1. Can you name every residue in segment 107-125 that is exposed (fewer than 15 other Cβ atoms within 10 Å of the Cβ) and either touching a residue at least 60 places away in the same chain (Cβ under 8 Å) or in contact with an Asp or Glu (Cβ under 9 Å, 6 or more places away or on another chain) (or both)?
2. Would it be correct to say that residue 120 is modelled with pLDDT of 90 or more, over 15 Å from the mean Cα position of the chain (by Cα) and of a type in the set (A, V, I, L, M, F, W, C)?
Amino acid sequence: MLSALSGNTSHDDPLLACLPRLRNFVASRVPEADRVDDVVQETLARTYKSSDINQLHQPLAYLITVAKSVLAEQWRRPLHDSEDALLNELRDDVADPSQQHMDQQKLEAMLAVLAAMPVLRRKVFEMRRLQGLTREEIAEQLGLAPEAVKKHITRAMLDITLAAEQQGWNDAD
């Protein structure tokens, strides 16, 4: 799956060729530009994780179906201002010591995934997810094109998704 994102352009990857239309679809349903990027990234990560992209007869239709699922999921769960707020909430809600231990292991594993990322990918991801900067702000600060920032964020999300999948974690854990 990582090879699906590595080095491919929209000319040889049917999903990447659909990105502008997918983004327009999501943008028509989500008023916040930052959330549009998040939904598109999550849609791509889920699609690469669960599908053989070469077997998709209608990649745009498939991506839109996945995006609808992502949007519905986000609508049902509350959004948090930051990852710190979410971690604090999790810490407060967990009374079971074994659950606390498992959460600590997950946190350590995710930190290891971040540490293993190429420096630029990790920096872009942290600026976006932890500092809350927009792609444009990150691009300006790092001297990158906004599309390069988008690619780094997508790859970082895919790295994290794959690591969670390899550990056997799912959203219910």
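The values are calculated or read from the model by the stated rules, or taken from the named source; none is laboratory data. The structure presented is a predicted model; accordingly, all values stated were derived computationally and were not measured. When we count neighbours, we look across all protein chains shown, and the Cβ atoms used for this are built from the backbone with ideal geometry, even at glycine.
1. Correct list: 116 only.
2. Taking the combined requirement at face value, the residue satisfies it.
Every residue, every condition in (1) more than 20 Å from residue 134 (Cβ to Cβ); (2) modelled with pLDDT under 85; (3) of a type outside the set (Val, Ile, Thr); (4) surrounded by fewer than 18 Cβ atoms within 10 Å (Cβ to Cβ), yes or no:
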position	(1), (2), (3), (4)
13	yes, yes, yes, no
16	yes, yes, yes, no
48	yes, yes, yes, no
51	yes, yes, yes, yes
57	yes, yes, yes, yes
63	yes, no, yes, no
75	yes, yes, yes, yes
88	yes, yes, yes, yes
